[in-house]
Amino acid sequence: MEKVSIKALIEKKESSLIDRNVEDKWVDEILYGNSRNALFITTFNMASMAGKEKDEKRRDLFKRYHITGVFGLSNPMKSAVNDFMLLVLSTEPANTVLIGNYIRKLYRTGGVGAAEDSQLIFPNQYIEYCANIENWLNHGKDAAEGEEYWFHEISYNDFDYDHVSPLPYSKRCYEVRKFLQTEKTKPLSEIAKIIRPHLIRSERGKVIGVRDFQYPLNLEYMREGWKTDTILKIGDIVFKNAMPERCYLLLEQPAEAIYAGGNDFIVRTNDLNLSAYIIQYFMSDVGKTIIEASGSGAALPRMTLSNFRKTPIIEPKKPLSHYLELYRMLATKPKDISTYNHRFAAVAEYKEAESIEDVLNLELLENAKLYKGEIVREFLKQDFTELNSCYKAEAYKATLIMCGSILEAVLIDWASEYDQKDYFSEELWVTDKRTGRMKRAELIDYIDRINEINRPKWMTEAGYAHQIRKKRNLVHAKLCMNSEEINDVVCAEVIGYLKDVLATRGL
């Protein structure tokens, strides 16, 4: 095989997008030539080779040739937004197949026919990626991974000719596929009804859109559009424009008729709990990886009806009510921090993921913690506004008291999350170091508890926390013997300590 230039192959493919006969000729050159090796650029899953005649050519191509390399090229064509891939073909089967993918989209600098700066279109990482492929093809050199691209060599026996795309063969998908072999799964079509709405162009009504994806559902501002034959009801999952990342679960029965859009998919179950599990499954990174690993996600972010039906859903081992409670919490975002801590307390801690469902639950819990973190930050923003007001007004005693209160609230929440308790509503009991008896935890005990959890990396911050505690104690009537000890310098120092401690909590 003569030396390969990825750029030249892209230009050859570009011409085929203008004249469809060029692509057919390219395939014919491979099929009816006598070369032992060949290269071909096509769309992911070879969607451009669909149709009766092209299906036959595809079958003939893979009867004669074996795939030894698949490389995602992102969207390098000026006249198309699709992602393309390079197939490396050989008449001799190899023991392995090298898979690669460039994970970023390429941004065009002009419209069709406009002059473009190739350095802007193809960034350095893309050029490095192509150079790796060329070195592997031309010189047999190992391909090295970069920040925006990856390579993964798999066994030839693990390659599926029904899923010709780099996506199902990333390292993460590969590991998930191994997990899936031990998991019980069912196609989505076996556990839910998948509805493709049909337009009724003679009638108009309220049609749900992405702007309506909020809780509670606001019917007053929902826009009208052409009705479909699908009226939505409680438990329905709406996949807007067939995109898994744009989905919404109806948690309540709408007060009036609202319709699905003509390009939507609706997943309907008879169990709201099951619907909550399914939507979180699709929304999670774990679920997206499973979809890719199964090969049904080659069309992400938009999926076909067939892909939806085939999507493997892991049978959950936890009670489905757990997923509904968690989804309600994430969807409605309650302002009461105790609500989150109660939910965390109801879920056993996963020390190590033993199944994909464990991984999914860990991800959902982490999402819940992120939501809670946003709420805590919102509260702290208000507290710090008040704290700054006290400091500027030279109300130094109030400043120290507030610093201690903020610190205590954050540490109680931190300990609650770690212990899966809710120490705002129940007491943390500790052993009194002086008497050996049990006592209710105070600020000093919460500091020691967090230091114990995060030792040794939190030792410096523990020292800061104790300084805040001690300075706050200066305000106590019996300890505040000299008011000059409480001044702007002390307060500024304590506020600095507080910010350092909160930073370790991500606040």
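The values are calculated or read from the model by the stated rules, or taken from the named source; none is laboratory data. If you're wondering where the values come from, they're calculated on a predicted model, not measured in any experiment. Positions of Cβ are backbone-derived with ideal geometry, glycine not excepted, and every protein chain shown enters the neighbour counts.
Here are a few things to note about the model shown:
- Evaluation of VAL207 against (1) within 24 Å of TYR323 (Cα to Cα); (2) crowded, with 16+ Cβ neighbours inside 10 Å; (3) within 28 Å of the chain's Cα centre (by Cα) (one fails), failing number: (1)
- Residue among ALA299, ALA260, ALA293 that alone is in contact with a Ser or Thr (Cβ under 9 Å, 6 or more places away or on another chain) and at pLDDT below 90: ALA293
- Taken over the range 159-178, the residue count meeting the criterion of being out of contact with any strand residue (DSSP E or B) (no Cβ under 8 Å at 6 or more places or on another chain) and either free of Cβ contacts under 8 Å to residues at least 40 places away in the same chain or surrounded by fewer than 18 Cβ atoms within 10 Å (Cβ to Cβ) (or both) is 5.
- Checked against (1) over 28 Å from the mean Cα position of the chain (by Cα); (2) over 18 Å from LEU272 (Cβ atoms); (3) not basic (Lys, Arg), LEU180 meets all criteria but (1).
- Test: GLY287 is touching a residue at least 40 places away in the same chain (Cβ under 8 Å), farther than 30 Å from ILE103 by Cα and not hydrophobic (A, V, I, L, M, F, W, C): no
- Given (1) modelled with pLDDT of 85 or more; (2) in a loop (DSSP other than H, G, I, E, B); (3) not assigned by TED's automatic domain parsing to the domain that holds LEU89, index of the condition LYS141 fails: (3)
- Filtered by the rule that a residue be within 16 Å of THR230 (Cβ to Cβ) and without any contact (Cβ under 8 Å) to a residue 60 or more places away in the chain, the range 179-201 gives ILE200, ARG201.
- Residue match in the range 451-458 (condition: at pLDDT 80 or above, closer than 18 Å to TYR497 by Cβ and part of a helix (DSSP H, G or I)): yes
- Scanning the range 56-83 for residues that are among the β-branched types (Val, Ile, Thr) and out of contact with any Gly (no Cβ under 8 Å at 6 or more places or on another chain) yields ILE67, THR68, VAL81.
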